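Working notes for the structure below.
Here, each number is a calculation from the coordinates, and none is a lab measurement. Keep in mind that this is a model prediction, so the values were computed, not measured. In this analysis, Cβ positions are derived from the backbone assuming ideal geometry, glycine residues included, and neighbour counts consider all displayed protein chains.
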């Protein structure tokens with residue numbers, strides 16, 4: 001795949017990134033997590049993600065500045081979101097919640113309180129200072145060619161020259177996605193821990209029994 005170009009995502013990539021986020025939030029379910037969490041239509045999720053990704057911000061998984069893409073002929077074919085957790089002292093979960101609650105409005109956020117709690121209770125704590133990698137997506141016609149491993153390597157290299165390089169890379173993923181787990185393990189990740197088992201509401205929302213957190217040492 002020598003004709004692939006690795007770069008930071010740009011505003012023109014938003015349609016691709018929206019599709020990628022929605023696909024990454026499905027695990028054996030017809031609807032993505034955002035639809036079920038906030039009782040949104042597919043079109044409403046598109047609008048929400050477009051707004052979220054258009055905000056100039058950093059340090060959480062729905063910021064445009066955290067996305068990297070592989071392109072072929074200028075067209076995105078793969079992506080992932082990556083950032084250093086709490087580099088400014090503010091956890092990514094707090095930033096994400098602030099953005100979504102602001103965009104959705106107080107009433108819709110409160111209506112989703114039980115679902116949000118079920119999701120939060122099952123999510124393992126992210127490691128401060130670790131390189132977070134999330135929202136991996138590869139176009140179906142490009143799968144099976146090792147692109148996930150390539151984009152992981154490219155992202156890690158892109159963070160190697162920051163002021164305080166991370167010692168570990170961390171992936172938090174839904175349990176049950178065996179294909180993704182194999183790809184991450186090929187890239188050198190191992191299972192570090194599992195989050196608390198999700199309750200029935202969590203399993204309905206995600207199609208998963210819980211989360212798995214993976215680690216890879218990137219600097220001694």
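Starting from the Cα gyration tensor of the stretch 37-89, take the square roots of the eigenvalues, sort them a ≥ b ≥ c, and report rounded, prolate or oblate (rounded when a/c is under 1.5, otherwise prolate if a/b is larger than b/c, else oblate). Oblate. Taking other C-beta atoms within 10 angstrom as a stand-in for reagent exposure, 205, 40 fall in the order 40, 205, fewest first. Between rounded, prolate and oblate, where does the stretch 97-220 land on the alpha carbon gyration tensor, with a ≥ b ≥ c its root eigenvalues, rounded for a/c under 1.5, else prolate if a/b exceeds b/c? The shape class here is prolate.
Calculated over the stretch 1-53, the projected area of the Cα convex hull averaged across directions stands at 4.8 nm².
What full-extension length gain, to one decimal in nm, is calculated for residue 87 and residue 149 as 0.36 nm per residue of separation minus the Cα-Cα distance?
The residue 87-residue 149 span can extend by a further 19.8 nm.
For the stretch 5-217, give the share of DSSP beta bridges that are antiparallel, in percent and rounded to the nearest 5; count only bridges with both residues there.
95 percent
Here the relative contact order of the chain, from alpha carbon pairs under 8 Å that lie six or more residues apart, stands at 22 percent.
A straight line joining the Cα centroids of the stretch 141-209 and the stretch 56-70 runs 16 Å. Only residues of the stretch 39-64 count here: report those whose backbone N is under 12 Å from the spot 7 Å along Cα→Cβ of residue 102, or say none. Under 12 Å, as judged by backbone N against the label point of residue 102, lie 52-58 of the stretch 39-64. Largest GNM mean-square fluctuation across 61, 185, 145, computed for the chain with C-alpha springs under 10 Å, falls on 145. Under 19 Å from a point 7 Å along the Cα-to-Cβ line of residue 109: which residues of the stretch 72-94 have their amide N that close? Within reach of a label on residue 109: 90-94. Panel note: the C-alpha atoms of the stretch 5-217, placed on their principal axes, show extents of 42, 36, 36 Å (largest first).
Here the stretch 45-151 is treated as an ellipsoid with the same Cα gyration tensor; its semi-axes, largest first and in whole Å, are 27, 17, 14. Under a Gaussian network description of the chain, with springs only between Cα atoms under 10 Å, the residue in 151, 18, 55 that fluctuates furthest is 55.
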